[in-house]
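> Just dropping this structure here.
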Amino acid sequence: QVQLVESGGGLVQPGGSLRLSCAASGSIFSINTMGWYRQAPGKQRELVADITSLGNTNYAGSVKGRFTISRDNYKNTVSLQMNSLKPEDTAVYYCAAVNFRGRDYWGQGTQVTVSS
């Protein structure tokens, strides 16, 4: 009942910035936590950052201080501002949401490539 669509991925040089956005539709009022995960080739999917409906945030240690997650309840979007990007940040980034009964939803993913 919740659809998530990511945008903003692309190719960027090391040290550059990108902003990812995720638009939610459907049963948006049931969403509790929203977040961003990423999966690099040959690696497990990992949490990058998440944010609760109350605004509490959580970041992976590898991105803390460089990435910022934000949520716009009026526009029903969650964004990830990524600064000082490194080649190690290259991955497919997925938007995710969990409703208040524990059901999870996933976006289709957007590719982020950091390379010179």
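The values are calculated or read from the model by the stated rules, or taken from the named source; none is laboratory data. Bear in mind the structure is a predicted one, so any value in this text is a computation, not a measurement. All Cβ positions, even for glycine, are placed from backbone atoms using ideal geometry, and neighbour counts span all protein chains on display. Surface areas here come from the heavy atoms of the whole protein model, side chains and all, with no ligands, DNA or RNA. Shrake-Rupley method; radii C 1.70, N 1.55, O 1.52, S 1.80 Å.
> On the given criteria, is ASP104 out of contact with any Lys or Arg (no Cβ under 6 Å at 6 or more places or on another chain) and modelled with pLDDT of 95 or more?
Spelling it out, it is not the case that ASP104 is out of contact with any Lys or Arg (no Cβ under 6 Å at 6 or more places or on another chain) and modelled with pLDDT of 95 or more.
> Could you identify the single residue in SER30, SER84, SER70 that is touching a Gly at 6+ places or on another chain (Cβ under 7 Å) and among the small types (Gly, Ala, Ser)?
SER84
> Which of the residues that make up region 52-68 are closer than 19 Å to ASP104 by Cα and among the aliphatic types (A, V, I, L, M)?
Of everything in region 52-68, just one residue is closer than 19 Å to ASP104 by Cα and among the aliphatic types (A, V, I, L, M), namely LEU54.
> Something else: Report, ordered by the first and then the second residue, all pairs with beta carbons closer than 7 Å, sequence separation of six or more or different chains, a first member in region 1-30 that is of a type in the set (Lys, Arg) and modelled with pLDDT of 95 or more, and a second member that is surrounded by fewer than 18 Cβ atoms within 10 Å (Cβ to Cβ) and assigned to a loop (DSSP other than H, G, I, E, B).
ARG19/GLY8
> Something else about it: Any idea which residue in region 93-116 is surrounded by the fewest Cβ atoms within 10 Å (Cβ to Cβ), counting only those that are β-branched (Val, Ile, Thr) and more than 10 Å from the chain's Cα centre (by Cα)? Give the steps one after another, and end with the answer.
Initial filter on region 93-116 (β-branched (Val, Ile, Thr)): 98, 110, 112-114.
Checking which are more than 10 Å from the chain's Cα centre (by Cα) leaves us with 98, 112-114.
Values: VAL98: 18, VAL112: 22, THR113: 15, VAL114: 19.
Restricting to residues being β-branched (Val, Ile, Thr) and more than 10 Å from the chain's Cα centre (by Cα), the top hit is THR113.
> Sticking with this one: Mind listing whichever residues of region 44-54 are in contact (Cβ under 8 Å) with a residue 40 or more places away in the chain, under 19 Å from ALA24 (Cα atoms) and open to solvent by 60 Å² or more (accessible area, probe 1.4 Å)?
Answer for region 44-54, where residues must be in contact (Cβ under 8 Å) with a residue 40 or more places away in the chain, under 19 Å from ALA24 (Cα atoms) and open to solvent by 60 Å² or more (accessible area, probe 1.4 Å): there is none.
> Moving to a separate point now. Scan region 55-77 and give yes if some residue there is surrounded by fewer than 16 Cβ atoms within 10 Å (Cβ to Cβ), in a loop (DSSP other than H, G, I, E, B) and in contact with a Pro (Cβ under 7 Å, 6 or more places away or on another chain), otherwise no.
Within region 55-77, none of the residues are surrounded by fewer than 16 Cβ atoms within 10 Å (Cβ to Cβ), in a loop (DSSP other than H, G, I, E, B) and in contact with a Pro (Cβ under 7 Å, 6 or more places away or on another chain).
> Among all residue pairs at least 6 apart or on different chains, which show Cβ distances below 6 Å where the first residue, located in region 95-113, is within 19 Å of GLY10 (Cα to Cα) and the second is open to solvent by 90 Å² or more (accessible area, probe 1.4 Å) and of a type in the set (A, V, I, L, M)?
From region 95-113, the pairs are THR113/LEU11.
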